1. So, in segment 6-49, exactly how many residues are under 16 Å from L122 (Cβ atoms) and of a type in the set (K, R)?
2. Which condition breaks for K57 when tested against (1) under 25 Å from V177 (Cβ atoms); (2) without any contact (Cβ under 8 Å) to a residue 60 or more places away in the chain?
3. Can you name the condition, by its number, that T256 falls short on among (1) free of Cβ contacts under 8 Å to residues at least 40 places away in the same chain; (2) on the phi > 0 side of the Ramachandran plot?
4. In the set V140, V84, which member is surrounded by 20 or more Cβ atoms within 10 Å (Cβ to Cβ), closer than 22 Å to P37 by Cα and touching a strand residue (DSSP E or B) at 6+ places or on another chain (Cβ under 7 Å)?
5. State all residues of segment 247-271 that are of a type outside the set (A, V, I, L, M) and in a helix (DSSP H, G or I); if no residue qualifies, say none.
6. Filter segment 18-45 for residues that are without any contact (Cβ under 8 Å) to a residue 60 or more places away in the chain and surrounded by fewer than 20 Cβ atoms within 10 Å (Cβ to Cβ) and give the result.
7. For the structure I just gave you, tell me whether I240 is touching a residue at least 40 places away in the same chain (Cβ under 8 Å) and surrounded by 15 or more Cβ atoms within 10 Å (Cβ to Cβ).
8. Return the residues of segment 150-167 that are crowded, with 19+ Cβ neighbours inside 10 Å, touching a Leu at 6+ places or on another chain (Cβ under 9 Å) and either small (G, A, S) or closer than 20 Å to R276 by Cα (or both); say none if nothing qualifies.
Amino acid sequence: MKFPNVQDRSVIVTGCSSGIGAATAHVLRERGWLVVPTARKDEDLAVLAEDGFKPVKLDICDSDSVKSAVAKALEITGGKIGGVVNNAGFGQPGAVEDLSRDALRQQFEVNLFGLQELTNLLIPTFRKQGYGRVVNVSSVLGRVSAPMIGAYCASKFALEALSDSLRIEMRSAGIGVSIIEPGPIVTAFRHRLGVQISEELDSGQSRYGDVYDQEAERRKKQVKKINLFVRPPEDVAVKIAHALESSRPKRRYCVTFPAYFGAFASRFLPHALLDRSMASKVPTIAGL
C-alpha cells in the first residue's frame, strides 16, 4: 500500500545510548532528519549532546517519563513529528522455569508496554498531520523462539502481533507501521546479557546454576566480529531509514542472513524440525 510521504522529517529514536539506536540517530541525521534521541542515563544523554543532538531523557517503564519525553520532543520539533523508532529494549536471560513474575513483567514493561504507550501518545499528532511512521525494532526471535531467553522471545512475539494490529488499524489514517527483525548485530547486547545473568539469576537455586555462571563470564568477554552472518548496527539503521522514507514501506524488514532464514523457517519448516534444532541449544546437565 502507498502511504503519504513524511513531510516533516523529524523523528524520535529511543534507546540511543549505543548500538542500533545510536547508529540510527547518526544515519538519519546524515540523511537530513531532525533526530530526537532518547536515553535513560545522564552520562549517555551527555554523550549525545556532545555529538550535536538535542537528546531527551526517557525511562520507558515510567509513564510520567514517557509523557514528559513526548512533550519535550514535540517542543523540539515544533509540534510536528514524522515518525518514531521504538528501539529501546533488553533481553531477560534464563530458563523459563527460573523466571519470576517480576522478571517477566519487567521484560514486557520495557519491550512492549512502554513502547506502545509512547507510540499511542504520538498517534494523535500523526492523525492530525495525515502522515506518520511507526518503526518497531523486533528480532528474528520474534519469529522463532529459542531456549534460555524465552522471556525476550515472548516479548518480541507480542510486539510483532501488536504491530500487525496497529498497522491494520492505522491503514486508513495514512500512518505506516513497520517491523525491523535483526539477527546477529555487533552491539553491546551480549555483554549486557552477561551482566544480567550475573545480577538477576539466582544460580544457587537453579539446576542451571553452573551454566549461568559460565555463560555470564563468556558473554562478558565475547566480542562479535562483522562477517557474512553478523552485521554492524548501521545495516539496521539503513532499513529503518527505508521504513521512514519510502512511500511503500515494507511490513517487515529482515537484517542478516540468520534473520531471513528465521523468517523462512517459521513459515515453512515443520515444528518438530525446529524443536530438534533448538533443543541442541539447551545446556546438558550432568545426571539430569
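The values are calculated or read from the model by the stated rules, or taken from the named source; none is laboratory data. Note that the structure is a prediction, hence the values are computed from the model and not measured. Cβ coordinates were reconstructed from backbone atoms using ideal geometry, including for glycine residues, and neighbour counts include every protein chain displayed.
1. 1
2. Among (1) under 25 Å from V177 (Cβ atoms); (2) without any contact (Cβ under 8 Å) to a residue 60 or more places away in the chain, the lone unmet condition for K57 is (1).
3. Condition (1) is where T256 drops out.
4. Working: V140 fails: closer than 22 Å to P37 by Cα.
Result: V84 is the single residue among V140, V84 that is surrounded by 20 or more Cβ atoms within 10 Å (Cβ to Cβ), closer than 22 Å to P37 by Cα and touching a strand residue (DSSP E or B) at 6+ places or on another chain (Cβ under 7 Å).
5. So in segment 247-271, the residues of a type outside the set (A, V, I, L, M) come out as 247-254, 256-258, 260-262, 264, 266-268, 270-271.
Within segment 247-271, F257, P258, Y260, F261, G262, F264, S266, R267, F268, H271 meet the criteria.
6. Within segment 18-45, the first condition is being without any contact (Cβ under 8 Å) to a residue 60 or more places away in the chain, and the residues that meet it are 25, 29-30, 32, 34-45.
Correct list: R29, E30, G32, L34, R40, K41, D42, E43.
7. Answer is yes for this residue.
8. G150, A151, C153, A154, S155
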